[in-house]
Structures are given as structure tokens and as C-alpha cells.
Amino acid sequence: MGLPNASEDLSSEMEVDAFRRLFPLRYFERHLAESIRPDARSLSRARNTTISMGAVASADGSALAKIGSTTMLAAIKMEVMTPSLESPDEGCVSIDFHMPPICSPLVRPGRPAEAAPVVAKQLSDTISSSGMINLKELSLVGGKAAWMVYLDIYCLDADGALFDAALLSAVAAFSNLQIPTVSLDDGKIVMLPEEQKEENSEKEPVNKEKRKLTLGGIPFSLTCILHKNYILADPTSEEESIMETLVTVVLDSSNQLVSLYKPGGAVLAYTSAVQDCIALTRQRVKELHQILEEAISGMEID
Amino acid sequence: MAAKPSTTTTAKATYSPIDPTRKTRPPIFSGSDVDWLRPDSRGFHQCRPAFFRTGAVNSASGSAYAEFGNTKVIVSVFGPRESKKAMMYSNIGRLNCNVSYTTFATPVRGQGSDHKDFSSMLHKALEGAIILETFPKTTVDVFALVLESGG
């Protein structure tokens, strides 16, 4: 990975790595002028994405999503709650996003990452507004008991595009979710152990048939960086730290817009830039949908 | 158990349908047979198979993923890097350890906070292995995240 030494700049007198650290913006712009990025991707290509389901055996549903080096582990645990009076036949979903200190040198135990609550809020807004989860399916005994879904997403390695990887792992975990069979035992819901299924005990299982959630429109997202008149899809953390204008577009599987998020930044976007981002996202949704389908069918064969 | 506040209503108390007291454990000492095996069919002196892989986390200076049967841990090492400004000058290096659990590490969902006892045990264990004089004024941070706790 060497720069052409044709210029009379300082760059010809120092090593590539030193130049990359000292003048990061110029380093990147030299690459962008050739429509390529330091990791040899084109401007509109995302990094290799993989999903593996069932990563956490003790959880009711889990998934590990990797976009390049960014790794997210999502796990779902179901607990029972009494539903509120306004919506007695609806359950609840609680999404929590954690960035433990292992994921990045910028996070310390006493000082949580700035990005963590932002991504957490974005995730819960996106998942609730996309209509992927029908809360009525989470009801157990109308008015008395309903499922509370605790979704915990841990970032194991932070290398840019945190929201994309987190959303992908959340969606994969929901696809992998198996609701445990439970029964009502004098007013309290208890889990039916596997052996009792054949015996016809007096405990009637409350939900014998339904073990998987039906998912509505599944949201997929792509984060892009705007820099001068370039649009870079799927940034790494180095790119994010130098060029700070991010645009995140979330589309669902029928290409409808779920959310568009552009939190300020030095570059103001024209309509054409936003439309280009949406077009890039549309392409990415197809790829992600395919990857998710393969991961799901891979699980079902086992 | 402390509840998580949801977006629409105030904090709810939830309980897990798993009842840990209901599970009857087989008594460990069954009869006077000396050759009995442990519940997972291991002998007294057998250890569980271990699995290690380095380079698990790209953002860290060094990292590893370790599995001992059902116990899974990811560890990252950052450093040596500058000590925080509030710390006093020291002409030997410092070691900082932190062990935390995920919320899904235990069968019943916990709070996932960090465990100071494991952190200090890890610190004592590593102290002897690191030559602190070779990196004065800097700190080496070792962070561990327990993904699943099986003993």
C-alpha cells in the first residue's frame, strides 16, 4: 500500500504510515481523487458482512453481526411482566446498546462512550417505527401477563458504522428468537421444562403453537460520509474521525424509507446527495436481505 | 430486580419464567462408589477442553477470545498508553484491569455491571508477569468481558 512518489511534497520524504498519522485528511484525499479508499474499496462498496445466529446458547435468540471489523453481539432474553392498563394485550421491547471498554481505545470503564446512548436511542426509534415487531404477539394472558423482550447489544469491536452493524444484529436476533413455552401455575408464569411436553399434566401451556415472532417490514440501514463532493459508503472508524458528516438511511425490505438521520456536520447536503445516499442504501438492502436469508436458512438446516 | 424503564410507561418490574429453585440437582455423592463421574461425565481431575484465539478485536493493541467449556471470555489489552493526567508521576508502569459481565452471561438476566473482585484478582495474577519498569509513566489497560458464565 504505497503512495506514488511523484510529488515534491513532504510525503516523498517520510513513510506512508507517518504521513497517514500526521496528515490524515490529505492522505485520504489523495486516495479519493483516484476513487479508491486505503483498504482498496471503491467509494460505494460496503465491507464484507457476515451474520451468525445462535451465538449465545443461554439466550432465547441471539446473533453476531460483523461488518468488516465492526462486531456486534445481540442477545434477547424474555421475561414476564404485567401489561399496562392502556394496552393490556401488548408486550414490550426494551433495547439496550452497550459499548464495553474492550471495543475501542476511546472507551474507559469510568467514562462511557459518547456514541452509545445515541445509537441506543436511534435503534429503539428505528425498530419501533419500522413496525417489525407486532407487540400484540407478545401477549400471554390478556391483561395479566405479557412478554417483556430485553434486547442487549454489545459492541465487541468498534470500527465505524456502529448503527448499521447494531441494527443488523438486532434484526438477526429477532429472526432467531424462539419464544419459550410457558404455562400458568397458580397465577405465575413458569417455564415448561422439555420433558413435561408429552405428559398431559394439569398445567396447560399458554402458548404451545407460537414459538417464533412474525416480523413485519425488516429495516436495513447504510451509513454514508459526505466529504466535499464525494460520498463514501460504510466508513471505518478512521474515516469517521476525519470526515465527520454522516448520513444514515434506513429502508425496509420493500424499499420504503423508515428513517433518515443527518446530525449536522460540516458538509450541508443538497437533495442530489441525499438521493444518491438513498440509492446506495437501496443496493445495500438487497445485499443485506440476501445475507440474512442465507443465515436463517443455514440455521434451519441444522 | 431493578427494572428497565420503557419508552411509553414508567419502570416495570419483570420476572423471568425460569425458576431456579425448582430444578432438582442430582446429589453429587451417590453411594460410596469412588469411580463416579461428574454431571458432565468428567473424572475428578479432568479439565474441560479449552479453545483460544488471538486477534479477536482489531481496535485493540492485543486481544484474545477464550472458551473453557461453557465459559466464554473476550479480553482486550490497550497500551502502553498515557496515564490519566490526574495520576501521580510514577517511574514504573501501571496496570489497570477491569472485568465486566454481559447481561446475558448468567441464566437469569443480570445487570451486567463490572466485578471489582475479579478485577483485583486479575490484577494480582498479571502483576508478576509484567515487567513494569520497561514502560515508565504509562499505563497498560486490560479489559475482560465475560460473554457466558459457566463456572
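The values are calculated or read from the model by the stated rules, or taken from the named source; none is laboratory data. Being a predicted model, the structure only gives us computed values, none of them experimental. In this analysis, Cβ positions are derived from the backbone assuming ideal geometry, glycine residues included, and neighbour counts consider all displayed protein chains. We work out accessible area using only protein heavy atoms, side chains counted, and drop any ligands, DNA or RNA first. Shrake-Rupley method; radii C 1.70, N 1.55, O 1.52, S 1.80 Å.
In square angstrom, what is the accessible area per residue of the stretch B:70-148 with a 1.4 angstrom probe? Mind showing how you got there, number by number?
Values: 4290 Å² over 79 residues.
The answer is 54 Å² per residue.
If amide hydrogens are placed 1.01 Å from N in the peptide plane, which non-local residues have theirs closer than 5 Å to the one on A:M243?
For A:M243, no residues qualify.
222 nm [θ] for chain A, helices only, -39500 (n - 2.57) per DSSP H run of 4+, per residue, to 500? Walk me through the numbers on the way to the answer.
Values: 6 runs with 85 residues, N = 302.
Computed ellipticity for chain A at 222 nm equals -9000 deg cm²/dmol.
DSSP H helices in chain A with Cα extent of 30 Å or more along the helix axis and mean Kyte-Doolittle hydropathy at least -1.0? If you can, show how the numbers build up before the last one.
Details: long enough: A:271-301 (45 Å, 0.00).
Sorted by number, the helices that extend far enough and score high enough are A:271-301.
Scan chain A and report its longest stretch carrying no trypsin sites (Lys or Arg not before Pro) that are both in a DSSP loop and have at most 12 other Cβ atoms within 10 Å.
Looking at chain A, A:1-207 is the longest stretch - no exposed trypsin sites (Lys or Arg not before Pro) with at most 12 other Cβ atoms within 10 Å.
Provide the gained length on full extension for the span B:K137 to B:N70, in nm with one decimal, where the gain is 0.36 nm per separating residue minus the Cα-Cα distance.
Working: separation 67, 0.36 × 67 = 24.12 nm, distance 3.88 nm.
Between B:K137 and B:N70, full extension yields an extra 20.2 nm.
Once you've got the GNM for chain A with C-alpha springs shorter than 10 Å, pick whichever of A:G131, A:G264, A:G160 has the biggest mean-square fluctuation.
Most flexible of the set in this elastic network: A:G264.
Taking each residue of A:89-102 in turn, how many C-beta atoms of other protein chains fall within 10 Å of its C-beta, and what is the average?
Working: counts 0, 1, 0, 7, 2, 7, 3, 3, 0, 5, 0, 11, 12, 17.
For this peptide, the per-residue mean of nearby foreign Cβ atoms is 5.
Set the bar at 23 Å for Cα to Cα. Now go through A:K66/B:K72; B:K72/B:K124; A:K136/A:K286; A:K66/B:K116; A:K262/B:K84; A:K136/A:K188 and name every pair that lies beyond it.
Details: A:K66/B:K72 18 Å; B:K72/B:K124 21 Å; A:K136/A:K286 29 Å; A:K66/B:K116 30 Å; A:K262/B:K84 34 Å; A:K136/A:K188 20 Å.
From A:K66/B:K72; B:K72/B:K124; A:K136/A:K286; A:K66/B:K116; A:K262/B:K84; A:K136/A:K188, over 23 Å: A:K136/A:K286; A:K66/B:K116; A:K262/B:K84.
When the Cα atoms of chain A are enclosed in a convex hull and the volume is divided per residue, what value in Å³ results? Write out the running numbers ahead of the final one.
Numbers: hull volume 48.8 nm³, N = 302.
Here the figure is 161 Å³ per residue.
Take every residue in peptide A:25-38, count the Cβ atoms of other chains within 10 Å of its Cβ, and give the average of those counts. Let's see the in-between values first.
Working: counts 0, 0, 0, 0, 0, 0, 0, 0, 0, 0, 0, 0, 0, 0.
Mean number of neighbouring Cβ atoms from other chains: 0.
State the percentage of accessible surface on the stretch B:70-148 attributable to carbon and sulfur atoms; use a 1.4 Å probe and exclude ligands, DNA and RNA.
Carbon and sulfur atoms account for 61 percent of the accessible area of the stretch B:70-148.
If I model a spin label as a point 7 Å beyond the Cα along the Cα-Cβ vector, how far apart are those points for A:A40 and A:Q178 in nm?
Reported label-point gap for A:A40 and A:Q178 is 4.1 nm.
If each residue of separation counts as 0.36 nm, what is the full-extension length gain between A:S272 and A:N229 once their alpha-carbon separation is subtracted? Don't jump to the answer; show the numbers that get you there.
Values: separation 43, 0.36 × 43 = 15.48 nm, distance 1.07 nm.
Answer, rounded to one decimal: 14.4 nm.
How about the stretch B:104-147: which of its residues lose at least 50 Å² of accessible area in the presence of all protein chains relative to their chain isolated, using a 1.4 Å probe?
Buried by the other chains: B:F104, B:R109, B:F143, B:L145.
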